[in-house]
Amino acid sequence: MMCELIESFTLVLPLCNPDIQRDFLIPRLATIGVSNSAITNKTKRRDITERLILAYKAILCCYMTTDTIEHYIVPGLQALLTDTQDVVPEKQQTVDLMLREVVSKTAMANKDQRPSNAFGSKVSGFFKKK
């Protein structure tokens, strides 16, 4: 079911209103990416990882704020990079390049505002009840 959800997000992401992308789809994909490493079934983890790679490729074609990149895209891609190393090593270079690209763009946008390595993640607490 998770694979189908990711595939649906991937299809609708480029077509959605940027507010829906920023407030709903991207944070949930990041949370799925971060939690994927806890899946013990290697086949399921591999399937989810491969679909997340496609989802992140779709995300990177959309306009995103620096805040969205720092708090959701970077942590999601970092988690995805770890998963690719474990279950889809042939895709590791692809994810590494995507991560470098977004970090570089964000660093350039923020170079006058703060250090380029000061990324904070909102992903871990995204689903906590208030």
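A few remarks follow.
- Of the residues making up the stretch 106-113, none is at pLDDT 90 or above, among the hydrophobic types (A, V, I, L, M, F, W, C) and part of a helix (DSSP H, G or I).
- Among the numbered conditions (1) modelled with pLDDT of 85 or more; (2) assigned to a loop (DSSP other than H, G, I, E, B); (3) open to solvent by 50 Å² or more (accessible area, probe 1.4 Å), the only one that residue 86 does not meet is (2).
- In this structure, residue 81 does satisfy being on the phi < 0 side of the Ramachandran plot, open to solvent by less than 90 Å² (accessible area, probe 1.4 Å) and modelled with pLDDT of 95 or more.
- Cross-chain or 6+ apart pairs with Cβ under 9 Å, the stretch 73-99 first and free of Cβ contacts under 8 Å to residues at least 24 places away in the same chain and of a type outside the set (Phe, Trp, Tyr), then surrounded by fewer than 16 Cβ atoms within 10 Å (Cβ to Cβ) and part of a helix (DSSP H, G or I): 81/96; 92/85
- Residue match in the stretch 64-71 (condition: touching a Gly at 6+ places or on another chain (Cβ under 7 Å) and open to solvent by 20 Å² or more (accessible area, probe 1.4 Å)): yes
- Residue 68 passes every criterion in (1) under 23 Å from residue 1 (Cβ atoms); (2) touching a Lys or Arg at 6+ places or on another chain (Cβ under 6 Å); (3) in a helix (DSSP H, G or I) apart from (1).
- Cβ-Cβ under 9 Å pairs, at least 6 apart or on other chains, the stretch 3-25 side aliphatic (A, V, I, L, M), far side assigned to a loop (DSSP other than H, G, I, E, B) and open to solvent by 70 Å² or more (accessible area, probe 1.4 Å): 13/61
The values are calculated or read from the model by the stated rules, or taken from the named source; none is laboratory data. Since this is a predicted model, take the numbers as computed values, not measurements. A quick note on method: Cβ atoms are made from the backbone with ideal geometry, for glycine too, and the neighbour counts reach across all protein chains shown. With ligands, DNA and RNA removed, areas are computed over all heavy atoms of the protein, side chains included. Shrake-Rupley method; radii C 1.70, N 1.55, O 1.52, S 1.80 Å.
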